[in-house]
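Note sheet for the following structure.
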Amino acid sequence: MEYDFSSIERKWRTRWQQELTFRAQNNSKKEKFYVLDMFPYPSGSGLHVGHPLGYIASDIFSRYKRHLGFNVLHPMGYDAFGLPAEQYAIQTGQHPAKTTQENIDRYREQLDLIGFSFDWSRQVNTSDPEFYRWTQWIFIKLFHSWYNKAIEKAEPIETLIRHFETEGTANLNAVADDYQDFTAEEWKAFPFMQQREILLKFRLAYRAETVVNWCPALGTVLANDEVVNGVSERGGHPVEQRKMKQWSLRITAYAQRLLDGLDTIDWTDSLKEIQRNWIGRSQGAQIRFAVKDHDAEVEVFTTRPDTIFGATFMVLAPEHELVSEITSSDQKKEIASYLEYTKSRSERERMSETKKVTGAFTGAYAINPITNTEVPIWIADYVLAGYGTGAVMAVPAGDQRDWDFARHFNLPITPVIEGQDVSDGADERKDGTMINSDFLNGMQVPQAIQTIIDRIEELGIGKRKVNYKLRDAVFSRQRYWGEPFPIYYRDDIPFTMDEDKLPIVLPEINEFKPTEDGDPPLGRATRWNWDRENGKVIENGKGFPIELNTMPGWAGSSWYYLRYMMEGNKETRAKEFVSAEAVSYWKQVDLYMGGAEHATGHLLYFRFWTKFLHDMGYLPFDEPANKLINQGMIQAEDGQKMSKRYGNVVNPDDVVAEHGADALRLHEMFLGPIEMHKPWNTKGIEGVSKFLRKLWRLYHNGDDFAVTDEKANKDELKALHKCIQKVTEDLDRFAFNTPVSAFMVAVNELTDLQCKKREILEPLTILVSCHAPHIAEELWSRLGNEDSISEVAWPIFNEDYLKDDSITYPVSFNGKTRFQIELPADMGREEVGKEVLAHEVAQKWLAGNAPKKVIVVPGRIVNVVI
RNA sequence: GCCCGGGUGGCGGAACUGGUAGACGCGCUGGAUUCAAAAUCCAGUUCUGGCAACAGAGUGCGGGUUCGAUUCCCGCCCCGGGUACCA
């Protein structure tokens, strides 16, 4: 009988499903191992061959770990809320829930065909009320928390209220919006609503007027990571900066911990680097400059306070609050027209025209607090309102942008470091000896920085300061297909709904567009079922108004990995988002597989929520995933991105139908290293198909299964153990491509040896079973085993089988002649440096020409030099 | 611009911490089997010269360290990714 992959695969697919072969147990004595894939967004186009790449690798690893005796959690689910389903709904009127469910069913069919060992009993769906009630619950926790910088930890808001009640804002070290100081007495005297308003400045989930990315085409705001090059990531629509009242999460509170945590986890350097850059820590000083003839101060942030003697002018962002206050009457007109100009420039224009030097003089002067000299204050849009203090001390000698500005407006340029050449550009050197800098003269830059900061702090005109590029994450979307906020308003002050009223179920509406009044789609809902238990209904508009925004796509994915840990029936699962027992058993994800495109989005929020839940005492760890592998993209054969739009999509179903799932799995792994981008090619799949047929034939003679119980000989054992060693070592270092080569070598050698011995073929089957599980299960059962191969112990490697009696080593003599010297087999790595032995051996062969120096290097070669 | 990766046959790619470069697969060439084809099997396949044995060169380019470098160091070129007035 020939190898009939389609019936074999169908048989085992069904068997695994019926017997729940891959169900993980929470109460297990075994050591745990958690392998997670980034769950897919179920799009209408289904899976193409690129999607399963990571799933195949993680599945291989899960199966490998099961063989090693681990209790493996390997779940899958759907990131089901999101824009495309809603855009589709707007066009067709089809409810997103309906299309989403259809897509999920299609995904499941496709995934099942590839033979993954997922524990489907734990499936999550972020758009399922049973799931998002907990997303809402976590939001409530964020709302009722603040960040205590003194202990670097989030705390319940009650501790902040207690602080206010006892000492007001004195001795408070919190991450918060700007606030006015007050005493305990004042706090107690504030009306209730005012207290609530103040607390909002501290909450980790807060609503505030902020500059946000507004996308008119999508009709919603977007987070920074959802905007790429000034256009929306989804759809590529233009985005503008707008001041709007929006929900945000105070991720900036965690900036330092998100940075530090990177050193504790095993992610790729490039991904860590992306996150580091995104967080963008910079260390320097904040310095206040008095404004001449005004009761005002301009505060600047600089990483180079040592260059303060070269600060020949100041620049404020056009949006800076002092601009109108300090502008002199004769400059009013010029400033007004410049403000007009900057407003007219779109974000895109501003970003693409960074070379263009523009600005205007306010007519005001600042007093340099160190030199007491007067410097003019300008405004320009190269200074950003959102970073630092929105103002800079311009040092044209050491900063190219300042230099360009100085040249353009004819402002003085003073070098402050010896040898600084400013004739045709700034000299941005970070070391050297200070000049033109009074008491700093003669110092080296690092020393000057310390000295000047000390002086600034002494004088009380500023302080050491660390800034981050990271911004708080805008959390509301003017959209329908997302989690509703568990929020209602009293006098425009947000209040959370009771936890036991969750979930706040997404109400039915019949059109998915914004309302005529410009409210988000949820404004169309006339009835909100927000009290499930008692079936109470409050009407929108009556009672208290409810938040009409929904949460962004990344809300559910920020914690979904915890939900997989929950076991049990509906009632158990309805009790808590994840049980303490489950979390203390499964802990972090041990291997997380997914695309690097989530570096500044999901992977940051995912870490942020984990740290928050850790602070709240729900999790015994504060990083979600220990090891992360970014699988590369599979492109079309021309190297283009595989997409429905380009019509170059290869459907895995077709590949499975033609070559089988095992061949698809082997081929995807064999294309190259998992992290690399690589084009799909159909040619190579013949190679792995051929391998599978050879493997099958190894166990058969014609139609008959023909495995014997004969004792294996040396050569056969060697072929097997070479394979065990290679595959085990490779899998241990997360290499999924090279084991395929090892299988091929082994099968070729065993075919040459005509080996049909159980002693060899049983372990070989286990080795192959991670990559090609269907054929392995079939051969395993033909070998007379009743249970699934999936948890059979991994073969043990024995080095003895690889040893030869003697090995022949080449020797290069005098760099010219080559000699073959036969060395004893036990002369391996441990012989390093033992020149005498090698000398003797060499001498024996080089009779008479005794070498001066012989060096034996691990395992292999003897070089002889005369 | 800055920060990370990476450059190996006709192609995808091996080579663990410096130790016989090109494993394995694809493709190609020749052969066996076949009436023929498919499938299968065998041999060859880095380049140059040679019928061959063999010799020389060879891991983007130029230097260096080393008995020995794809691997380590310095300079340059090219490709991919991230980021972009972040003071």
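Please treat every number below as a calculation from the coordinates, not as lab data. The model shown is predicted, which means the values in this text are computed figures rather than measured ones. As a convention, Cβ positions derive from the backbone with ideal geometry for all residues, glycine included, and neighbour counts pool all protein chains shown.
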*In percent, how large is the relative contact order of chain A, given Cα pairs closer than 8 Å and 6 or more residues apart?*
14
_What is the angle, in °, between the Cα long axis of helix A:758-768 and the longest principal axis of the Cα atoms in chain A? Nearest 10 is fine, range 0 to 90._
20
*Just list whichever of A:Lys153/A:Lys245; A:Lys356/A:Lys611; A:Lys29/A:Lys803 have alpha carbons separated by over 31 Å in the model shown.*
A:Lys356/A:Lys611; A:Lys29/A:Lys803
*Using the per-residue mean of other Cβ atoms lying within 10 Å as a proxy for protection, in what order, highest first, do the peptides A:468-477, A:687-696, A:486-495 fall?*
A:468-477, A:687-696, A:486-495
*asked:* As I understand it, the value is the acute angle between the Cα axis of helix A:96-113 and the longest principal axis of the Cα atoms of chain A; what does it come to in degrees, rounded to 10?
replied: 30
*Rank A:Gly235, A:Trp780, A:Asn748 by how far each Cα sits towards the positive end of the charge dipole of chain A (+1 on Lys, Arg Cβ; -1 on Asp, Glu Cβ) and give me just the farthest.*
A:Asn748
_With n ≥ 4 as the cut-off for DSSP H runs, can you work out [θ] at 222 nm for chain A, using -39500 (n - 2.57) per run divided by the number of residues, rounded to the nearest 500?_
-10500 deg cm²/dmol
*Amide H to amide H under 5 Å from A:Arg281: which residues, 5+ apart in sequence or cross-chain, H placed 1.01 Å off N in plane?*
A:Lys469
*State the volume of the convex hull built on the alpha-carbon positions of the stretch A:358-446, expressed per residue in Å³ and rounded to an integer.*
110
*Which ³J(HN,Hα) values in Hz, rounded to whole numbers, follow from the phi angles of the stretch A:470-484 under the Karplus curve 6.51 cos²θ - 1.76 cosθ + 1.60, where θ = phi - 60° and Gly and Pro get x?*
3, 10, 4, 8, 5, 10, 9, 10, 8, 9, 8, 7, x, 6, x
*What whole number of Å gives the distance from the Cα centroid of the stretch A:90-123 to the Cα centroid of the stretch A:402-437?*
61
*Largest-first principal axis extents of the Cα set of the stretch A:67-118 (Å)*: 51, 19, 12
*Size of the stretch A:272-359 along its principal axes in angstrom, Cα-based, largest extent first?*
50, 33, 22
*Check cross-link reach from A:Lys188 to the lysines: straight Cα distance under 22 Å, and skip same-chain residues fewer than eight apart.*
A:Lys201
*asked:* Taking amide H atoms as placed 1.01 Å from N in the peptide plane, list the residues 5 or more away in sequence, or in a different chain, whose amide H sits under 5 Å from that of A:Val212.
replied: A:Arg242, A:Lys243, A:Met244
*Considering the dipole of chain A built from charges on the beta carbon (Lys and Arg +1, Asp and Glu -1) around the Cα centre, which of A:Pro679, A:Val792, A:Val395 is farthest to its positive end?*
A:Val792
*Given q = 0.11, 0.14 Å⁻¹, what are the Debye log10 I(q)/I(0) values for the stretch A:140-262, with equal point scatterers placed on the Cα positions and solvent ignored?*
-0.48, -0.71
*In 10 Å bins starting at 0, how do the alpha-carbon pair distances of chain A split up by percent?*
2, 10, 16, 18, 17, 14, 11, 7, 3, 1, 0
_lysines whose Cα lies under 29 Å from that of A:Lys683, excluding same-chain neighbours fewer than 8 positions away_ = A:Lys11, A:Lys641, A:Lys644, A:Lys694, A:Lys722, A:Lys726
*So what's the stretch A:336-380 giving for Cα Rg divided by 2.2 N^0.38 Å, two decimals?*
1.50
*Mind listing the phi-derived Karplus ³J(HN,Hα) values for the stretch A:180-185, rounded to whole Hz, using 6.51, -1.76 and 1.60 with θ = phi - 60°, and x for any glycine or proline?*
8, 5, 8, 9, 4, 5
*Over all alpha-carbon pairs of the stretch A:190-340, lay out the pair-distance distribution in 5 Å bins, whole %, shortest bin first.*
2, 6, 10, 11, 14, 17, 17, 13, 7, 3, 1, 0, 0
*For the stretch A:709-735 and the stretch A:272-344, write down the distance between their C-alpha centroids in whole Å.*
67
_Sequence-separation-based contact order of the stretch A:300-402, relative, with Cα cut under 8 Å and 6+ spacing, percent_ = 47
*Return the aspartates and glutamates within reach of A:Lys757: Cα separation strictly under 14 angstrom, same-chain partners fewer than 8 residues apart disregarded; answer none if there are no such residues.*
A:Asp709, A:Glu710, A:Asp715, A:Glu716, A:Glu749
*asked:* Under 5 Å between amide hydrogens, which residues at least 5 positions from A:Asn71 or on another chain qualify, with H placed 1.01 Å from N in the peptide plane?
replied: A:Glu31, A:Lys32, A:Phe33
*Within 10 Å, count the other beta carbons around each residue, average over each peptide in A:316-326, A:707-717, and list them highest first.*
A:316-326, A:707-717
*Out of the stretch A:319-396, which chymotrypsin sites (Phe, Trp or Tyr not before Pro) are coil in DSSP terms and have no more than 16 other C-beta atoms within 10 Å?*
A:Tyr387
*Mind listing the phi-derived Karplus ³J(HN,Hα) values for the stretch A:730-745, rounded to whole Hz, using 6.51, -1.76 and 1.60 with θ = phi - 60°, and x for any glycine or proline?*
5, 5, 5, 10, 6, 9, 10, 8, 5, x, 4, 4, 4, 4, 5, 4
*Could you give log10 I(q)/I(0) at q = 0.12, 0.14, 0.15, 0.17 Å⁻¹ for the stretch A:383-527, computed by the Debye formula over C-alpha point scatterers of equal weight, without solvent?*
-0.70, -0.80, -0.87, -1.08
_Size of electric dipole in chain A: Cβ of Lys, Arg +1 and of Asp, Glu -1, about Cα centre, debye, nearest 20_ = 1000
_Quarter of the Cα convex hull surface for the stretch A:649-783, i.e. its orientation-mean projected area (nm²)_ = 8.4
*Kindly put A:Glu458, A:Glu749 in sequence by how many other C-beta atoms sit within 10 Å of each C-beta, fewest to most.*
A:Glu458, A:Glu749
*asked:* Taking a cut-off of 19 Å, what percent of all Cα-Cα pairs in the stretch A:559-682 are separated by more than that?
replied: 62
*Taking one equal scatterer on every alpha-carbon of the stretch A:1-82, how large is log10 of I(q)/I(0) by Debye at q = 0.18 1/Å?*
-1.00
